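Trainee: Quick one: this structure, given as structure tokens, is what I'll be asking you about.
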Amino acid sequence: MGSGDMPMGFSFSMSANEKALNNFAKMSEEERAQVIEQARNVTSKHEMEQLIQNLGERDSFH
């Protein structure tokens, strides 16, 4: 899945949160696909901010 498949708001928000971006990069392909799917279902700026904040706060990936 290439970066062109990411929702624009998600890409923009990720670029503003280095920890979220780093955590996203460490995820497996499947985990990234799940996060991108969540981002596609976001209906407000606040929801997107929450998604990115939560991603930045993650410590482990299973």
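The values are calculated or read from the model by the stated rules, or taken from the named source; none is laboratory data. Everything numeric here is computed off the predicted structure, so don't read it as measured data. Don't worry about glycine lacking a Cβ; one is built from the backbone with ideal geometry, like all the others, and counts go over all protein chains shown.
Trainee: Write out, first by first residue and then by second, each pair whose Cβ atoms fall under 7 Å of each other, whose residues are 6+ apart or on separate chains, and whose first residue, in the stretch 21-44, is closer than 12 Å to Phe10 by Cα and modelled with pLDDT of 95 or more while the second is among the acidic types (Asp, Glu) and surrounded by fewer than 16 Cβ atoms within 10 Å (Cβ to Cβ).
Mentor: Ile36/Asp5
Trainee: Also, quick follow-up: Could you please give the count of residues in the stretch 1-32 that are aliphatic (A, V, I, L, M) and surrounded by 13 or more Cβ atoms within 10 Å (Cβ to Cβ)?
Mentor: Result for the stretch 1-32: 5.
Trainee: Follow-up. Taking Thr43 and the conditions (1) surrounded by fewer than 10 Cβ atoms within 10 Å (Cβ to Cβ); (2) in contact with a helix residue (DSSP H, G or I) (Cβ under 9 Å, 6 or more places away or on another chain), which numbered condition does it fall short on, given that it satisfies the others?
Mentor: (2)
Trainee: Just one of the numbered conditions (1) assigned to a loop (DSSP other than H, G, I, E, B); (2) surrounded by 12 or more Cβ atoms within 10 Å (Cβ to Cβ) is not true of Asp59; which one?
Mentor: (2)
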